[in-house]
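These notes are about the structure you will find just below.
The values are calculated or read from the model by the stated rules, or taken from the named source; none is laboratory data. Note that the structure is predicted; figures quoted are calculated from it, not measured. Quick reminder, even Gly has a Cβ in these numbers, built from the backbone with ideal geometry, and neighbours come from all protein chains shown.
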Amino acid sequence: MLTNRSKSFWLLLTPAFIALLIVLFIPLMTGTYYSLTDWNGNTVGEFIGFDNYIRAFQDQGFIDSLVFTAKFSVVSVVLINVIALILATLVTQKLGRWTTVFRTVFFMPNLIGGIILGFIWQFIFNKAFESIGDLTSIQFFKGWLDTPETGFWGLVILFVWQMSGYMMLIYISFLNNIPEEILEAANMDGASPMQTFIRIKLPMLMPAFTVTLFLTLSNAFKIYDQNLALTQGGPYNSTQMAAMNIYNEAFSMRNMGFAQSKAIIFLIIIVVISIIQISITRKKEISA
Amino acid sequence: MMKRKFLLSTVVLTSALGLVGCGSSETDASGEEIVTLEVFNIKTETAEQMDNLVAAFEETHENIDINMTTVGGGTDATAALQSKFSSGDEPDIFMLGGLADAQTWEHKLADLGDTELAKNAIEGTLEGATLNDTVLGVPMNIEGYGWLVNTEIFEKAGIEPASIQSFADFENAVKVIDSKKAELGLDGVFAFSGGETWVSSQFSSNFVAPEFNSSLNETYEAKAFELTYADQMKQYADLANEYNSGPLESMDYSTSVEELFAGEKVAIVHQGNWIIPTLNSLDESFAKEKLSIIPMFVENETEGKIVAGPAWYWGVNKDKEQEVIDASIEFLTWMYTDEEAMDSIINDFGFIPAYTNFSSDAITDPLSNEIYTYLSEGNTVPWVHNSYPDGYGQNAFGVQLQAYAAGEISWDEFVTTLKTTWNEERK
């Protein structure tokens, strides 16, 4: 029996703990320290307390990027999960050997890296949409990524396209785990497919929502590479996400300490949101 | 037993990690010590030429081995350089983009004031890397930029580019070309890629330089910024915005240069001589026959100036062993004094040299020659945007110009934001 006191317990824990310590806890500690100084990347000038944090809350660019990130996250989390659930329901129907083909195709975008995806979609929005617009003279296809709105939707489309397949896989595995007899029983009782889906499948999927919501929410918040490749935050920083704002502050403006304080604020926001989300969905799981 | 095995593997692993760290000192067949130089290069356009040049150097200098790392320009390069230093993997030779970079790395940079290169450098070109009278970097080359024009289109529209001697002439030329857009097959007159904030940052230099007496140092020291030449800047920005072939605020580099300018769909771009290799790769004759530069009229209504000067400097890491520092200086000196290397610098790299030991007749490329002429006649202002507060050019000028072009803010708001941001950064 392994108890908390046994030596092998600690011994087996050590490698993972050391790894976490080196790449997570120590950087977090030094980062927190740097956020209280005017560090420029090479030298620490002086200890300035919470000045950086106060400045961060007064920085309109940072606030705007946080708001934009929040908006983006809400819209894309909803869309990704709705689309992923629809796809999962579709590909778990009896389609014969096509099931695997569809699953593979829907999952594929997830295998492409964010930067490449960004460039692919930049090409689609700028060149393909433009050509369609020229041919059909439908105004809708013109000037994508030129305005804050199209930039926003461009990012959402890209991210939804990338993540839906992945979330679909998670939903599929949970859908397949729903015991056959329950569905059969529902069928015997005369439940329509729609009723079965809402009354039986959805509640049984609650544990899946905990996972997918967590993954999509945290990924949406931390997005950087897709943002960089697709819009670079333009036009006029209107599509700049929080991660990009922090990166630019650090490496372009070279205010490393200030950027670090923004990063800490951002971290706290993500942690709080994740905890709230997990505790809410966990409660639902139990009641279901 | 289990425990001992675990301990053993830990020891083996740690010692293996320790071994990776060593092993940089080698000796060649003759027993002479080989010095390995780590060079951090950010000029991606000439990466291939650089590799050839390094190969030639290694052939004649058997005891020096060069390891070239090339990382793309802009923020990525700064970040990559920063992480190299932070991780302890410091390069021996690296590049500085001006006074701000020199200041950032001052604690690492060797004094190059006594080198042959510093003595050969064209007067004034060392200013961008000299702090407290110490020369911390030597220029890589001279680059010039401004309104690059397709002279063929100008001539077809009946305008002689050389006849443009004031802003009014320029404005008039733009309007004439615009009126003949259809018959000339143009999409627009300009292809100003405002989506690339570095282009707007460069654009701003011409209007900021006169305020600070065209001095890099004065710009770098300036606590207060007035944007004295805001009106002139507005004239040019409005003109470019009105006659741009697409939304100025989101146009990217490749659309602007590779598609529209090289494809002869526009007559004017705001770029510099670094686009010559790109143009050559798309159309051999373009740079030779149709490319020219038009100055901007800012300080003086009839005296046009372009922006030209060293954009990049070579710096040498002083925290290395003396022999590595010596070898670094030897390599840099060789690059700009050896006959073969000098030939390559001009003809393969297409550089405008920043050193007096090159003869100006050697510059065969017409645009490079034109820029060199502007420079020697004193009709240039330096790259002052490299002396702005860190990131200011791109994140303030670049972004605000996008907002202005999109009609999001008024010109007054544009000017106010720029002033306050500057004063805040330099507080």
Qualifying position, being touching a residue at least 12 places away in the same chain (Cβ under 8 Å), surrounded by fewer than 22 Cβ atoms within 10 Å (Cβ to Cβ) and within 24 Å of B:Y372 (Cβ to Cβ), among B:E258, B:E284, B:E303: B:E303
Verdict on B:G88 being more than 25 Å from B:E58 (Cα to Cα), in contact with a strand residue (DSSP E or B) (Cβ under 9 Å, 6 or more places away or on another chain) and either part of a loop (DSSP other than H, G, I, E, B) or at the interface with chain A (Cβ under 9 Å from one of its Cβ atoms) (or both): no
Segment B:392-424 - residue that is within 11 Å of chain A (Cβ to nearest Cβ) and closer than 17 Å to B:L216 by Cβ and, of those, nearest to the chain's Cα centre (by Cα): B:G393
Qualifying helices (runs of 4 or more DSSP H) (wholly inside segment B:279-370; at least 3 residues being out of contact with any Leu (no Cβ under 8 Å at 6 or more places or on another chain)): B:322-337, B:339-347
Residue satisfying condition, being in contact (Cβ under 8 Å) with a residue 40 or more places away in the chain and surrounded by 21 or more Cβ atoms within 10 Å (Cβ to Cβ), within set B:W312, B:W334: B:W312
Failed criterion for B:P247 (all others in (1) buried (at least 20 other Cβ atoms within 10 Å of the Cβ); (2) within 14 Å of chain A (Cβ to nearest Cβ); (3) of a type outside the set (A, V, I, L, M, F, W, C); (4) outside any helix (DSSP H, G or I) hold): (1)
Segments classed as helices (runs of 4 or more DSSP H), wholly inside segment A:98-159, with at least 3 members that are within 14 Å of chain B (Cβ to nearest Cβ): A:114-123, A:129-136
Among residues of segment B:66-89, those that are farther than 29 Å from A:Q232 by Cα and crowded, with 16+ Cβ neighbours inside 10 Å, counted: 1
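Per-residue answers, yes or no, for (1) within 30 Å of B:V138 (Cα to Cα); (2) at pLDDT 90 or above; (3) in contact with a Cys (Cβ under 6 Å, 6 or more places away or on another chain):
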residue	(1), (2), (3)
B:G246	no, no, no
B:T255	no, no, no
B:A262	no, yes, no
B:W274	yes, no, no
B:D283	no, no, no
B:M296	yes, yes, no
B:E299	yes, no, no
B:G304	yes, yes, no
B:W314	yes, yes, no
